[in-house]
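*Asks:* Starting off with a structure, shown below.
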Amino acid sequence: MTDAFHIDVPHTDGALAVIALSGEFDIIAAPAVRARALELIADGHRDLVADLSGVTFCDSSGLGALVGIWRCAKDADGSLTLSAIPDRLGRLLSVTGMDAFLPAYPTADAALAARQGNGTTA
């Protein structure tokens, strides 16, 4: 049985937005996450925090979606920060070296505080 996937945007403030993901982040969910993130970037929220605390599974499509979102945010002079990364995904980011350009924090609040401390909100 699979965990239903959900996307929520619990916080927006100027250029900053949190996109909270829950359930299985897989080949079915990845396009919807990318589309929602691109909508946020187009609406001026170019600095995104992806809260992964509710993610129960992430396959390579989910990881690919995160990299694609990072690229789009960067192209908009923004950023992508991860929070509450599941252990397996954290290890994958580390082994591939992707943790060098996808900063991560233990919670969405910690990521928000770090982003706001860098002057990323209007």
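The values are calculated or read from the model by the stated rules, or taken from the named source; none is laboratory data. The shown structure was predicted, so the numbers you read here are calculated from the model rather than taken from an experiment. So basically every Cβ, Gly included, is an ideal-geometry build from the backbone, and we count neighbours across all protein chains shown. Quick note on the areas: whole protein, heavy atoms, side chains included, nothing else; ligands and nucleic acids left out. Shrake-Rupley method; radii C 1.70, N 1.55, O 1.52, S 1.80 Å.
*Asks:* May I ask you to verify whether residue 53 is part of a strand (DSSP E or B) and more than 10 Å from the chain's Cα centre (by Cα)?
*Replies:* On the way: part of a strand (DSSP E or B): yes; more than 10 Å from the chain's Cα centre (by Cα): yes.
Yes, satisfied.
*Asks:* Counting just the residues of the stretch 92-101 that are assigned to a helix (DSSP H, G or I) and either in contact with a Lys or Arg (Cβ under 7 Å, 6 or more places away or on another chain) or of a type outside the set (Gly, Ala, Ser) (or both), which one comes out most open to solvent (accessible area, probe 1.4 Å)?
*Replies:* So the residue we want is 95.
*Asks:* Please verify whether residue 5 is aromatic (Phe, Trp, Tyr), in contact (Cβ under 8 Å) with a residue 12 or more places away in the chain and over 17 Å from residue 115 (Cβ atoms), treating the condition exactly as stated. Walk me through it before giving the result.
*Replies:* Details: aromatic (Phe, Trp, Tyr): yes; in contact (Cβ under 8 Å) with a residue 12 or more places away in the chain: yes; over 17 Å from residue 115 (Cβ atoms): yes.
The answer is yes for residue 5.
*Asks:* Related question: Kindly provide the set of residues from the stretch 5-50 that are in a loop (DSSP other than H, G, I, E, B), out of contact with any strand residue (DSSP E or B) (no Cβ under 6 Å at 6 or more places or on another chain) and not charged (D, E, K, R), ordered by number.
*Replies:* Pass one, the stretch 5-50, residues in a loop (DSSP other than H, G, I, E, B): 5, 14-15, 26-29, 43-46.
Restricting the remaining residues to those that are out of contact with any strand residue (DSSP E or B) (no Cβ under 6 Å at 6 or more places or on another chain) gives 14, 26-29, 43-44, 46.
If the condition is that a residue be in a loop (DSSP other than H, G, I, E, B), out of contact with any strand residue (DSSP E or B) (no Cβ under 6 Å at 6 or more places or on another chain) and not charged (D, E, K, R), then 14, 27, 28, 29, 44 are the ones that fit.
*Asks:* For the subset of the stretch 75-91 comprising residues that are aliphatic (A, V, I, L, M) and not in a loop (DSSP other than H, G, I, E, B), which member is nearest to residue 16 (Cα to Cα)? Walk me through how you get there before you give the answer.
*Replies:* The initial filter retains those residues of the stretch 75-91 that are aliphatic (A, V, I, L, M), namely 76, 80, 82, 84-85, 89.
Filter again for not in a loop (DSSP other than H, G, I, E, B), leaving 80, 82, 89.
Values: 80: 10, 82: 13, 89: 24 Å.
Checking each candidate, the answer is 80.
*Asks:* Also: Which residues, taken from the stretch 56-72, are in a helix (DSSP H, G or I) and either within 18 Å of residue 105 (Cα to Cα) or of a type in the set (S, T, N, Q) (or both)? Lay out the reasoning, then the answer.
*Replies:* The initial filter retains those residues of the stretch 56-72 that are in a helix (DSSP H, G or I), namely 60-72.
Answer for the stretch 56-72, where residues must be in a helix (DSSP H, G or I) and either within 18 Å of residue 105 (Cα to Cα) or of a type in the set (S, T, N, Q) (or both): 60, 61, 63, 66, 67, 69, 70.
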